[in-house]
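Worksheet: the structure to be examined is printed underneath.
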Amino acid sequence: MPKCWMKTGARLHLGQLDLNGSLGRLYGGLGLAIDQPQLELTAERENGLYIDSPGLEKDRVKLIAQQYLDHYSLPGARINLIQSLPSHCGLGSGTQLALALGFVLTRLYGLQPPLPELAELTDREGSRSGIGVAGFEQGGFLVDGGKPVQAGEPSSLTQIKRHVPPLLTRLPFPEEWAVIIAIPNKEKKMFGSEEEQAFRSLVPMEEQVAGRISRLLLLKLLPGLAEKDLVCFGQAVTEIQEYLGDYFTPVQGGRFATSQGEQVAKYLLSKGAAGVGQSSWGPAVYGFTDDENLAALTKATRDFMGEQGQVWVARGLNRGAAWGWS
C-alpha cells in the first residue's frame, strides 16, 4: 500500500487584538506561517496503530491519532514521525501535528473532511486562535476574527462557542524579509490546564488598549506589510507586543515568559532588528530583519545566546502544508 507523506512548517503567534470582549468577540489573532523548523511524517494503512516517533512525541502522536481513528471508525495506521516541531515553545507544534495526522489518516482511507473539522476534533487552537489552522492550509501572514461570546460574560472561557475563528486577512510575507528565532534553554512552558487558568485569572483588557492594538494592526502593521515597509511593520509588531506583554505580566512575571527571552529581544532591537516579540506564551522570541542585515544579526544573536539557547533563521511560508503519495 502507498504511504501518505506530509511536511509543514511552524507558526509564530504575534498576539491578540481584543482581550476585552465588550463587542461580543474575544481574542482575534495575528500570526505568520514560517518554514523552519519543520514537521515531517508518513502514514500507511495498517490494522491497529503503530508509531515510530522520536523521544516523548510518541505518546502525543498516539493520543491524537487514536482520536481520529475512533471518530472516523478507521482500522489503523503505521505512522512514522520523521521530524517534529519543538513542543510547547510558542511555535504551534500541537496544532500542526494534530492537523497533519488528521489529514494523512483520513486521506489514507479516502476521506476528505474539512480542516476546521479536524481541528475541532482535537481542540487545537479552536478555543482562541485560528492562526494555526489557516497557516497549515495556506500559509502567509494571517489575521483571524476571534471567538463570539455570550452577553454578560465577556471574559469567561466557558461562554465561548467552540469553532475555529474566521480568517479575515491573508497577505504574502516578503521573500526578502527573515525572522531570527531564539529559544532559551531555561524554558518556562505554559500549556493545557495552566494556560486555561492563566486566561481565567486575567481581568478584561481596557477598551482603549484593545482599540490601540487594533488600530496599530489596521493602519500600521498591515500597510507596512502590503508596501514592504519593514520599519513600519516592525514598529507596529513591537508596540503591539509591549501592550500584550504588560497585560500578561500578572501570569508570566513580566513582558516575556523568561528573563532570557526578554534580554534577547532587547538585544535584537539594539542591534537593528525591525521588530521583536514573543510567540504566544513563549519561550520562543523573534526579531524581524531583511537580507542585508540578516547574516550579521544572526551571528551577533548566536554569540549573545552562547550555550544558553537555540537560534535559527526562518522565512515566511506563503503556502500551506505539502503532501503526497510515495
Can you list residues whose amide H is under 5 Å from residue 49's amide H, if they're 5+ apart or on another chain and H is modeled 1.01 Å from N? 77
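Compute the whole-percent fraction of alpha carbon pairs in the chain spaced more than 26 Å apart.
Numbers: 24401 of 52975 pairs.
Of all Cα-Cα distances in the chain, 46 percent exceed 26 Å.
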Theoretical FRET efficiency, 1/(1+(r/R0)^6), r = Cβ-Cβ of residue 209 and residue 326, R0 35 Å, to 0.05: 0.10
Explain nothing, just the number: relative contact order of the stretch 1-94, from Cα pairs under 8 Å at least 6 residues apart, as a whole percent. 32 percent
Cross-link pairs 7/58; 147/266; 7/62 - those with Cα-Cα distance over 24 Å: 147/266
Expected unfolding gain across residue 50-residue 87 under the 0.36 nm per residue rule, minus the alpha-carbon gap, is 11.2 nm
What FRET efficiency would be calculated for the residue pair residue 40, residue 202, taking the C-beta separation as r and a Förster radius of 41 Å, to the nearest 0.05? 0.65
Can you give me the long-range amide H partners of residue 82? Hydrogens built in the peptide plane at 1.01 Å from N, cutoff under 5 Å, separation of 5 or more residues or another chain. 40, 41, 42
Fewest-first ranking of 199, 256, using other Cβ atoms within 10 Å as the exposure measure: 199, 256
So the angle from the long Cα axis of helix 207-216 to the longest Cα principal axis of the chain, reported in degrees to the nearest 10, equals 80 degrees
Would you list 168, 39, 217 from fewest to most Cβ contacts within 10 Å? 168, 217, 39
Tell me the Kirkwood radius of the stretch 1-104: reciprocal of the mean inverse pair distance over distinct alpha-carbon atoms, in Å. 15.0 Å
Angle in degrees between helix 291-305 and the longest Cα principal axis of the chain, rounded to the nearest 10: 90 degrees
The chain, Gaussian network, Cα under 10 Å: of 81, 23, 202, the residue fluctuating most is 23
With the chain treated as a Gaussian network of Cα nodes joined by springs under 10 Å, which of 267, 286, 50 yields the largest mean-square fluctuation? 50
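Every number in this text was worked out from the coordinates using simple rules, so none of it is lab data. The shown structure was predicted, so the numbers you read here are calculated from the model rather than taken from an experiment. Heads up, the Cβs are rebuilt from the backbone with ideal geometry, glycines too, and the neighbour counts pull from every protein chain shown.
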